[in-house]
Amino acid sequence: MTIYSWTSLTNPNPFLITTNTTTATTTTNRFGHKRFCLRGPSYSRAVPPIRFSVLCVSSLSDMDAAAGQSLYPLHRCKTIHLVRHAQGVHNVEGEKDHNAYLSPELFDAHLTPLGWQQVDNLRKHVHASGLSKKIELVITSPLLRTMQTAVGAFGGEGYSDGIDVPPLMVAKAGNSSRPAISSLNCPPFVAVELCREHLGVHWCDKRRSISEYKLLFPEIDFSLIESDADVLWKTDIRETNEDLAARGMKFMNWLWTRKEKEIAVVTHSGFLIHTLSAFGNDCHPSVKSAICKPFNNCELRSVVIVDRSLIGSDSSTTDYPGKIPSGSDVPSDVAK
């Protein structure tokens, strides 16, 4: 299943989303929101040669079976566990009235009590399935609802005073009644701006300052975020679907700079929909549909991505060269 990736943004820092474009156009939708479409060096897009794929096997006829399968070196593959955040207060209010998203009262929406129940159930699945022992890194969007979901599902057990390491999340963080969550016996957590939801207009998608988050989530690594304040979110300009998709593809390419082979990504519905829409175009329609269908709150979906153009530089840790000690090894069908 081939992905035709967007070109890289021109900013040399892959974690800073720049908006200093040469031209910009805006349109107004039926809700009166302005939506921006950036054109220029920062958000220019093209269809370059294949960069990477999602590994799958299509259900085709026997004659076409070989065409429906792919085989790649293991060290050119990563397993990604995609998670949409649990139910937030904005989900409840937005379902009642779409205009609620414009309310500053939904600023950086936190999880509902039902959302925390969803997190608890996902956590049970993560442990029962063995994922808790396989995941090497948890990447989270730097918004309250995604970080609450991430630490609740993939964090350590309950935190106790006297432990000599800071908690992943302090008690009662983000209008919750939850106890502190330990950072012991769990993978590292990294916050990344590239996997945020649509930027602009909707107050639920505006983040707090990083200095505030560090007090709530002491053991999440925020070092890849350059600005303390949210400089990306604009009151009257909503990021276009096309630019969100381009940002999503840049995020997928960035994953190949990580050494970890099994990664959980906790993010948002819009980000997942528009990023995954580029996948599966050369697969059976049912496979394409399975990849691109919308995520439920707190749904986890696992995929394998394949590096076909050497974006990553890791060598195999399992391949063995053989012929040690050296000796004759001419295959029998060519030996004379």
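The values are calculated or read from the model by the stated rules, or taken from the named source; none is laboratory data. Since this is a predicted model, take the numbers as computed values, not measurements. Keep in mind that these areas ignore ligands, DNA and RNA; they rest on the heavy atoms of the full protein, side chains included. Shrake-Rupley method; radii C 1.70, N 1.55, O 1.52, S 1.80 Å.
Details
- In a fully extended conformation the segment linking Leu310 and Asp329 would gain 3.8 nm over its present Cα-Cα distance, using 0.36 nm per residue.
- Taking amide hydrogens as placed 1.01 Å from N in the peptide plane, the amide H of Trp233 sits under 5 Å from that of no residue at least 5 positions away in sequence or on another chain.
- Where Arg145, Arg208 fall by accessible area, highest first, once all protein chains stay in place (1.4 Å): Arg208, Arg145
- Across the alpha-carbon set of segment 201-313, the Rg to Rh ratio works out to 0.98, Rh being the Kirkwood radius.
- Accessible heavy-atom area order of Glu299, Glu157, highest first, probe of 1.4 Å: Glu157, Glu299
- Cα-based convex hull volume of segment 224-273 per residue, rounded to whole Å³: 111
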